[in-house]
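One structure is given here, and the rest of the page talks about it.
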Amino acid sequence: EYLSQHEIDKLLLTVLPPKLNKQALSRALLCNNPLIVAESAKVLILALQRVVQFSKDCADITRAFVPRLPDVQTILATRSRFDPFVNPSRRNIILNGLLCRVLFEMSNKFPELIISTNFDWIKILPEPISL
């Protein structure tokens with residue numbers, strides 16, 4: 001089904017407010033305040049889940065939504081700052097879980113974004129433990 005740009009914009013309002021664009025979300029994820037990072041990750045998770053609901057009816061929604069997402073590299077950089085395997089604090093464990101959930105939701109709906117990222121995904125796993 002074809003929707004006009006105005007109709008797509010109206011639907012996107014229910015997914016993610018216009019002020020939360022790629023630049024704003026990237027800045028929030030790169031912020032030094034862990035609370036802002038956590039809340040930004042939660043917003044992204046919810047937005048990605050919502051866009052999946054709308055995109056079942058219209059692929060135009062998906063195409064309009066992707067440019068508003070932060071780069072996968074930004075999410076990975078944020079995740080590395082709060083790596084629970086380097087600093088196993090409760091805060092880092094929670095933030096790492098949220099950021100991995102963002103990557104999971106992105107990979108479900110936009111696998112091409114994950115595939116096109118030049119990243120060694122094995123780095124997300126912890127180092128082997130020597131006994």
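The values are calculated or read from the model by the stated rules, or taken from the named source; none is laboratory data. Keep in mind it's a predicted model, so treat the numbers as computed, not measured. Neighbour counts are summed over all protein chains in view; Cβ atoms, including those assigned to glycine, are modelled from backbone coordinates with ideal geometry. These accessible areas exclude ligands, DNA and RNA; they are computed on the full protein's heavy atoms, side chains included. Shrake-Rupley method; radii C 1.70, N 1.55, O 1.52, S 1.80 Å.
Taking the numbered list (1) loosely packed, with under 14 Cβ neighbours inside 10 Å; (2) at pLDDT 80 or above in turn, LEU44 passes all entries but (1). Considering (1) without any contact (Cβ under 8 Å) to a residue 24 or more places away in the chain; (2) of a type outside the set (Gly, Ala, Ser); (3) over 30 Å from GLU127 (Cβ atoms); (4) in a helix (DSSP H, G or I), the lone condition that ASN96 does not fulfil carries the number (3).
Each row is one residue, and each column tells you yes or no for (1) farther than 18 Å from ALA28 by Cα; (2) among the basic types (Lys, Arg); (3) at pLDDT 85 or above; (4) touching a Phe, Trp or Tyr at 6+ places or on another chain (Cβ under 9 Å).
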| site | (1), (2), (3), (4) |
| --- | --- |
| ALA59 | yes, no, no, no |
| THR74 | no, no, yes, no |
| ARG79 | no, yes, yes, no |
| PRO88 | yes, no, yes, no |
| ILE93 | yes, no, yes, yes |
| ARG101 | no, yes, yes, no |
| ILE129 | yes, no, no, no |
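Residues that are surrounded by 12 or more Cβ atoms within 10 Å (Cβ to Cβ), more than 11 Å from the chain's Cα centre (by Cα) and part of a helix (DSSP H, G or I) within the range 15-36 comprise VAL15, ALA24, ARG27, ALA28, PRO34, ILE36, listed in sequence order. Scanning the range 55-91 for residues that are more than 30 Å from LYS10 (Cβ to Cβ), open to solvent by 20 Å² or more (accessible area, probe 1.4 Å) and touching a helix residue (DSSP H, G or I) at 6+ places or on another chain (Cβ under 9 Å) yields ALA77, SER80, ARG81, ASP83, PHE85, VAL86, ARG91.
Does LEU113 satisfy the criteria of being open to solvent by less than 10 Å² (accessible area, probe 1.4 Å), closer than 28 Å to LYS19 by Cβ, in contact (Cβ under 8 Å) with a residue 40 or more places away in the chain and among the hydrophobic types (A, V, I, L, M, F, W, C)? Lay out the reasoning, then the answer.
Numbers: open to solvent by less than 10 Å² (accessible area, probe 1.4 Å): no; closer than 28 Å to LYS19 by Cβ: yes; in contact (Cβ under 8 Å) with a residue 40 or more places away in the chain: yes; among the hydrophobic types (A, V, I, L, M, F, W, C): yes.
It is false that LEU113 is open to solvent by less than 10 Å² (accessible area, probe 1.4 Å), closer than 28 Å to LYS19 by Cβ, in contact (Cβ under 8 Å) with a residue 40 or more places away in the chain and among the hydrophobic types (A, V, I, L, M, F, W, C).
Checking ILE94 against (1) surrounded by 13 or more Cβ atoms within 10 Å (Cβ to Cβ); (2) within 26 Å of ILE115 (Cβ to Cβ), which test does it fail? Only one criterion is unmet by ILE94, namely (2).
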